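Structure record follows, encoded as structure tokens.
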Amino acid sequence: MFQDTFIKTLIADVLSKHQTIDKLVFILPSKRAGVFLLHELKKQIAKTTFAPKIISIEEFICELSGLQSADNAQLLFEFYRVYSDLTPPGSQDSFEAFSTWAQILLQDFNEIDRYLVPPYEILNYLSEIKDLEHWSLKPEKSEMVKNYLIFWSRLYTYYDNYAKSLLEQKKAYQGLIYREAANQVSGYAKMTKHHHIFAGFNALNNAEQTIFQELLTENKASVYWDTDSTFMNDDIHAASIFLRNYKKSWHYYQSNSFNWEFDTFAGTKNIQIKGIPKNIGQAKYVGHLLSKLVDNDASLQKTAVILGDEQLLIPILNAVPATIQNMNITMGFPLHAAPIATIFELLFNLHSKEQEQLYYQDIIHIVSHPNIRQLLSLNESDQSQRIIDHLQKNNIIFSSLTQLTDLVTSETKLTIQLLFDGWKNSPKNAIHQLQQLILLLKRQTQESPHTDNLLLEYLYRFHQLFNQLQQLNETYQYLKSTKGLHKIYKELLSIETLDFQGEPLEGLQLMGVLESRVLDFETVIITNVNEGVFPSGKTQNSFLPFELKLQYKLPTYQEKDAIYTYHFYKQLQRAKNIYLLYNTEADALNAGEKSRFINQLEIERQPEHTITHELINANVPKIDNALQSIDKNKDVLNRLKEIAAKGFSPSALTSYIRNPIDFFNKKILRIQTYDEVEETVAANTLGTIVHETLKEFYLPLINVILTETHITTMQQQIDKTVTRYFKKEYQSDTINEGMNLIIFNIAKRYVENFLRSELEEVKNGSTIKILHIEEDFSAPVTIEGFDFPINVHGQVDRVDEYNGTMRIIDYKTGKVLPGKVRLYDWDLINTDYDKYSKSFQVLCYAYMLHYKKPFTGKAEAGIISFKNQKDGFLKFGVKPTPRSTKADTEITPEVLSEFSIQLKALIKELFDLSKPFVEKRIEYDY
């Protein structure tokens, strides 16, 4: 049977001691606890009465001090004003640099005030420590060291003036509010007519202790602690270290009882410890547990999922079973996780670069965002896709605002200007353009047929955030750059949340560690119980050395660990079913080590505790590695006939030999490869440049015998011609530097080497007559039983007559070894792509040329590889045996007949319905 909760026991005791409750003030660690307390109060009160005041400790402290809590950004800007007034101009940091260390110093001020440490003493002590650290025998310190020590000597002056400035404005940071509340509590305790009920507290700072004890002394308060005798009777157990100290040291408890020490932790508990790889694994396992544990609404209300790491919120929300309809989430949805947030981050990243030209990837990322895409899609015209296509088709790396606005319609020019008009490193311009963009998105969303209310909520919150930035910038004018604005924006965004709506008292409770204070559940699932997460470890941001904190009794990581320990055991105190999940996998921030709390539970196992430990592995489905197979049908055959009528190209047929699935995707389904913008020249672009240059040189010389003058004239035009085709194919101005410059010179070198070899041939007496340059050829393929036209077609790079022999030449910019054009077994030409695809291509060209005009003399076909031109013209040849070094290189009718047999067999296979397109496993050489 689940024991009474702390809140239920508390209300029963309070009602037994107070006849009327309207003069009571319940003060709790969190607002969430107040909701549950009020609900329990309504259940236990039998008559109608005025409700007592129920507030959180932070609200009570603010009321007591008379000060208003300021947000972090306001505090930072105000601190910089004080810092600037007190620091000589030559020694001042910019606001951007100041914000990197000021946050840490403000945290130290906060701790000093919350623990009522005399600020003059500790800050001057710190200054003396820094002075000692830089003591040396040298009489003169360097200028940098002098300035460094002067900074530390000014700390108290900064603190004092900053505190006075805030108090004059009736606003403060938390620590200063606590100090002022402690100063005011004596007068308040004497005057107030209310009785204060402090419930569920643990680690109190010195200001809180002063307030509690003053109200207890004046009999204006009661304090109800929630701890267990198991911890209180153990002098070294960290879960009760603070409460044991209060019980011993507070004067009030010398003559009054200490309420309460329960005896619940040692009761019957089923504790299951689960080691699970990765955070996502934990989230999925939480969903799995909930689907098994939760059968009805009653059990839901007694179940809590407590996140040791609140970043697990979104994955767990996605993992919660659909059967759970009611759920209460005490944490807010982080605004930085909203999809719309990526737009602003992309814009900050773009405009912080301070470049005149806009980088294509930045442009594509922004216009591809779904919300921006909607803005740019008017009258069924997708302007964002037009921009992307333009950049990719023309290979544009950098664009201007004018070029982008020229691409879109008049209705969307304003959107492009708001997105890409330069901020000129002005925070004012940045905020204005971002606000206008938000208004544009809002208008478009409201006018949409299906209004997205969630998006409107996101836009409203970002509108508020940028309004706050605008007000701060106008009031203080310390933001001098967009980088500084971006930094403050990210700090504000990191703490902004959207509250979930729901009934807080119904359904599954999903909460963080601090929200679980005072509350009790029968079933508890705790995630991320890892060392370094829960507890968080020794990391602390502070300028105060560890020894100095000990001297002035300020909290260190030891006290922080004790707080985590209390929260952990408090969650287990009354629970019956406990599931502790931890991440077993090491990553950058987590060693995959289970928390010491788990070890402590196992070592100090209570007799009534059942503890099981299990490692959970993901249920990985068996992946079928079978090669893909696609059957042919009537539609496929019709498409093949359509291709056959136009003509199969040699590259299409060799792609089928290489992998039939690639052929199916590209030729049957017509799926084209995605053309990305080339930042450096790709291999195919390099090949095109060389081909086009040689085409321009040789095309005017058709049916002309080459002379030395022809070739030397070409050599003089290399630089100009290659540059022109380089800029045509690779439409970018960035060809004079980096890798592009290297590739540009490679293209020139390929052409130079080719022309040099041609010139040597002519000088040596060779006769070269150009017959065809980059000319299209085709030829029919007659196959018995096929009653539809079948053709092959292709563009031959060059056909010439060399010393009376016709040569059919295919240019390759990649390296081709002589063995790639040597064949000994005709059956292999249709099966071995890697070895014989080059042979297949050049024989296709020979087949087409022979059809146009049968060879009357000697003919050869082969490859000229620009990467290994020293090998010259690599002729196709037929070898008698695999190991033979000699081959017959003449293209004879017998050779063409053998090739024709293989070509027809390949085409028959393509049209054979019984032979599906079967994927080939391709081995890559790395």
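Taken over region 799-825, the criterion of being surrounded by 15 or more Cβ atoms within 10 Å (Cβ to Cβ) and either in contact with a Ser or Thr (Cβ under 7 Å, 6 or more places away or on another chain) or part of a helix (DSSP H, G or I) (or both) is satisfied by Tyr802, Lys812, Val816, Pro818, Lys820, Val821, Leu823. When Lys908, Lys875, Lys886 are checked against the criterion of being in the same structural domain as Gly687 (by TED's automatic domain parsing), in contact with a helix residue (DSSP H, G or I) (Cβ under 9 Å, 6 or more places away or on another chain) and among the basic types (Lys, Arg), Lys875 stands alone in meeting it. Could you check, for region 10-20, whether at least one of its residues is among the aliphatic types (A, V, I, L, M) and part of a strand (DSSP E or B)? No, because not a single residue in region 10-20 is among the aliphatic types (A, V, I, L, M) and part of a strand (DSSP E or B). Contact map, region 248-268: first residue without any contact (Cβ under 8 Å) to a residue 12 or more places away in the chain and more than 19 Å from Glu608 (Cα to Cα), second residue surrounded by 11 or more Cβ atoms within 10 Å (Cβ to Cβ) and aromatic (Phe, Trp, Tyr), Cβ cut-off under 8 Å, separation 6 or more or different chains; pairs are Tyr253/Tyr246. Would you be able to say whether some residue in region 108-131 is touching a residue at least 12 places away in the same chain (Cβ under 8 Å) and either outside the structural domain of Leu149 (by TED's automatic domain parsing) or of a type in the set (Gly, Ala, Ser) (or both)? Yes, that holds for at least one residue.
From the list Tyr836, Tyr851, which residue is among the hydroxyl-bearing types (Ser, Thr, Tyr) and without any contact (Cβ under 8 Å) to a residue 24 or more places away in the chain?
Tyr836
In region 605-620, the qualifying residues are those that are outside any loop (DSSP other than H, G, I, E, B) and among the aliphatic types (A, V, I, L, M), and the one that is farthest from Ile578 (Cα to Cα) is Leu615.
Can you tell me which residue among Ser542, Ser536 is surrounded by fewer than 20 Cβ atoms within 10 Å (Cβ to Cβ), hydroxyl-bearing (Ser, Thr, Tyr) and closer than 18 Å to Glu310 by Cα?
Criteria check complete, one pass: Ser536.
Against the definition (of a type in the set (A, V, I, L, M, F, W, C), touching a Leu at 6+ places or on another chain (Cβ under 9 Å) and under 30 Å from Ile743 (Cα atoms)), how does Val821 come out, yes or no? In short, yes.
The single residue among Val681, Val690, Val704, Val751 that is farther than 30 Å from Ala644 by Cα and at pLDDT below 90 turns out to be Val681.
Scanning region 845-891 for residues that are within 22 Å of Leu759 (Cα to Cα), of a type in the set (Phe, Trp, Tyr) and crowded, with 20+ Cβ neighbours inside 10 Å turns up just one, Phe866.
Among the residues of region 540-551, is any within 24 Å of Lys31 (Cα to Cα) and in contact with a Pro (Cβ under 9 Å, 6 or more places away or on another chain)?
Step one: filter region 540-551 for residues within 24 Å of Lys31 (Cα to Cα), giving none.
No, region 540-551 contains no residue that is within 24 Å of Lys31 (Cα to Cα) and in contact with a Pro (Cβ under 9 Å, 6 or more places away or on another chain).
For region 447-491, the tally of residues that are surrounded by fewer than 16 Cβ atoms within 10 Å (Cβ to Cβ) and among the hydroxyl-bearing types (Ser, Thr, Tyr) stands at 4.
Condition check ((1) modelled with pLDDT of 95 or more; (2) surrounded by fewer than 20 Cβ atoms within 10 Å (Cβ to Cβ); (3) within 46 Å of the chain's Cα centre (by Cα)) across all residues:
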site: Arg179; (1), (2), (3): yes, no, yes
site: Tyr188; (1), (2), (3): yes, yes, no
site: Phe201; (1), (2), (3): yes, no, yes
site: Gln254; (1), (2), (3): no, yes, no
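So, Thr87, is that one in contact (Cβ under 8 Å) with a residue 24 or more places away in the chain, β-branched (Val, Ile, Thr) and in the same structural domain as Ser56 (by TED's automatic domain parsing) or not? The answer is no for Thr87.
From the list Asn279, Asn233, Asn270, pick out the single residue that is within 30 Å of Thr323 (Cβ to Cβ) and surrounded by fewer than 16 Cβ atoms within 10 Å (Cβ to Cβ).
Step by step, each of Asn279, Asn233, Asn270 is checked, and only Asn270 is within 30 Å of Thr323 (Cβ to Cβ) and surrounded by fewer than 16 Cβ atoms within 10 Å (Cβ to Cβ).
The values are calculated or read from the model by the stated rules, or taken from the named source; none is laboratory data. Note that the structure is a prediction, hence the values are computed from the model and not measured. Virtual Cβ from ideal backbone geometry, glycine too; neighbours counted across all protein chains shown.
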